[in-house]
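A.B. asks: I'd like to ask you about the structure that follows.
The values are calculated or read from the model by the stated rules, or taken from the named source; none is laboratory data. Keep in mind that this is a model prediction, so the values were computed, not measured. Note that we place each Cβ from the backbone using ideal geometry, even for glycine, and neighbour counts take in every protein chain shown.
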Amino acid sequence: MENVALFQLGMDLEAQVEEGVMDAAEPRSTTQKEDVNSNAVAAVKTDDRLDHFIERQGVRCAGAHLIIDLYDAERLDDLPYIEETLRSCVDEAGATLLHIHLHPFEPTGVSGVAVLAESHISVHTWPEAGYAAFDVFMCGDAKPERCVDVLREAFRPGRTAVSELLRGKEVA
C-alpha cells in the first residue's frame, strides 16, 4: 500500500521499475495523458514527456499558485470545518485528493496541507487575529481559482487578498 501511495506522489518510481511494475523505457512520470479542453488551462505534452504543464494567460508553466490571505475571517480554529472546506476546495477545483493532514495548535490556530495529485493546498490560521494564509498550487486541468469563492463562503472574511504566481515558467 505504501508503494502505491508513494508511486502516486511520484516518489517511488525507481522501486516500481526495479520490481518490474513499469517498463524502464517509459517516461518516469505518474501522470496520465489528459484531454485538452477549450479552457485557457490545458495539459501540454512536450518532447514525449508526459507532464501536467499548463498554458495560462498565454504562458506555458508548471501550474498556477494562488496566495490567498483572509482578513477578519471566522471559524479559523474549527479543525473539522477547515478539513471540510479543504475537501470542498478540492472538489470545486476538480483536483484529486491524496491526503489531508491538519494540526491544531494550543491555545489556537491550525496548520495543514491537502496533498493533491495536482500539487497542494496549505493553510495556516491565526484565529486571534482573524487571519488565515492559504496557498493553492495546482497543475493540469484543475482550476485553483475556484477555491477563492469556496474560502470566502466558508470563512466570511471582511477582506480577501489574492496573488497569482505562474510556477515553472522557465522550464524548457
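A.B. asks: Kindly evaluate Ala95 against the criterion of being assigned to a loop (DSSP other than H, G, I, E, B) and in contact with a strand residue (DSSP E or B) (Cβ under 6 Å, 6 or more places away or on another chain). I'd like the intermediate steps shown before the answer.
C.D. replies: Working: assigned to a loop (DSSP other than H, G, I, E, B): yes; in contact with a strand residue (DSSP E or B) (Cβ under 6 Å, 6 or more places away or on another chain): yes.
Yes; evaluated as a whole, the condition is true for this residue.
A.B. asks: Further question: Which of the residues that make up region 81-95 are out of contact with any helix residue (DSSP H, G or I) (no Cβ under 6 Å at 6 or more places or on another chain) and crowded, with 21+ Cβ neighbours inside 10 Å? Give the steps one after another, and end with the answer.
C.D. replies: Of region 81-95, the ones out of contact with any helix residue (DSSP H, G or I) (no Cβ under 6 Å at 6 or more places or on another chain) are 81-84, 86-87, 90-91, 94-95.
If the condition is that a residue be out of contact with any helix residue (DSSP H, G or I) (no Cβ under 6 Å at 6 or more places or on another chain) and crowded, with 21+ Cβ neighbours inside 10 Å, then Ile82, Leu86, Val90, Ala95 are the ones that fit.
A.B. asks: Step by step: first the residues of region 58-80, then only those that are surrounded by fewer than 19 Cβ atoms within 10 Å (Cβ to Cβ) and β-branched (Val, Ile, Thr), then the one that is nearest to Ala161 (Cα to Cα). Which residue is that?
C.D. replies: Filtering first and then ranking leaves Ile67.
A.B. asks: Same structure, new question: Report the residue count in region 105-129 for those that are part of a helix (DSSP H, G or I) and either surrounded by fewer than 18 Cβ atoms within 10 Å (Cβ to Cβ) or not assigned by TED's automatic domain parsing to the domain that holds Leu76 (or both).
C.D. replies: Looking only at region 105-129, we keep the residues that are part of a helix (DSSP H, G or I), and these are 127-129.
Within this subset, residues satisfying the condition of being either surrounded by fewer than 18 Cβ atoms within 10 Å (Cβ to Cβ) or not assigned by TED's automatic domain parsing to the domain that holds Leu76 (or both) are 128-129.
Residues in region 105-129 being part of a helix (DSSP H, G or I) and either surrounded by fewer than 18 Cβ atoms within 10 Å (Cβ to Cβ) or not assigned by TED's automatic domain parsing to the domain that holds Leu76 (or both): 2 in total.
A.B. asks: Here is a follow-up. Which condition does Ile100 not pass, out of (1) in contact with a Lys or Arg (Cβ under 6 Å, 6 or more places away or on another chain); (2) surrounded by fewer than 17 Cβ atoms within 10 Å (Cβ to Cβ); (3) not in a loop (DSSP other than H, G, I, E, B), if it passes all the others?
C.D. replies: (1)
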